[in-house]
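Presented below is the structure to which this report refers.
Taken together, the values in this text are just the output of simple stated rules run on the coordinates, not laboratory data. It should be emphasised that the depicted structure is a prediction, and the values quoted were computed from it without experimental measurement. For neighbour counting, all protein chains shown are included, and Cβ atoms are generated from backbone atoms with ideal geometry for every residue, glycine included.
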Amino acid sequence: MGYRGERPSPDLYNKAARTFRAKFPDLLILLTTSNVSVAEADPARDAVSCILQKPVPRQHLYRVLIDLAPPEQKGGAADALVFHPVNREPPIALQGGRKLRILAAEDNKTNQLIFRKMLKYLDVDLEFASNGIEAVALYKSF
């Protein structure tokens, strides 16, 4: 979920975050923004698992995703996370018999491409939604 610090209505972000949290209490919600202080002060802050400052460095994103993964999936992935030449390492896999599944709500195709490339070396299932309504529908079938 991205947040530009500008809302079409004062309650939109609050309502969206709280709706997701109410419907999907175990869902991890990561928010990327260029204005962390605005997002931190938002009344819906408690509905978001983690706020990341844009641009998000790849290694920081990896660390956050692995830290938020269920304990049974972490295994040695956290130890395997090292700074490495990007094109030389095989994907970093989490344990537990199932890939980490990521549903990203992003309307900008360029941002989708960048995010997909950032996650290229993590062994994850990645799906994109163009908006929040599509994200809810995709989450139900994901």
What is the calculated FRET efficiency for His60 to Asp26, with r their C-beta to C-beta distance and R₀ = 30 Å, to the nearest 0.05?
0.80
Using 0.36 nm times the number of residues separating Asn108 and Ile133, minus their current alpha carbon distance, what extension gain do you get?
7.5 nm
Around Arg116, with a cut-off of 14 angstrom between Cβ atoms, what is the net charge of the other residues, counting Lys and Arg +1 and Asp and Glu -1?
0
Surpassing 23 Å at the alpha-carbon level, of the pairs Lys54/Lys99; Lys23/Lys120; Lys99/Lys120; Lys54/Lys109; Lys23/Lys109, are Lys54/Lys99; Lys23/Lys120; Lys23/Lys109
Taking neighbour Cβ counts within 10 Å as the exposure measure, how do Asp46, Asp26 sort from fewest upward?
Asp26, Asp46
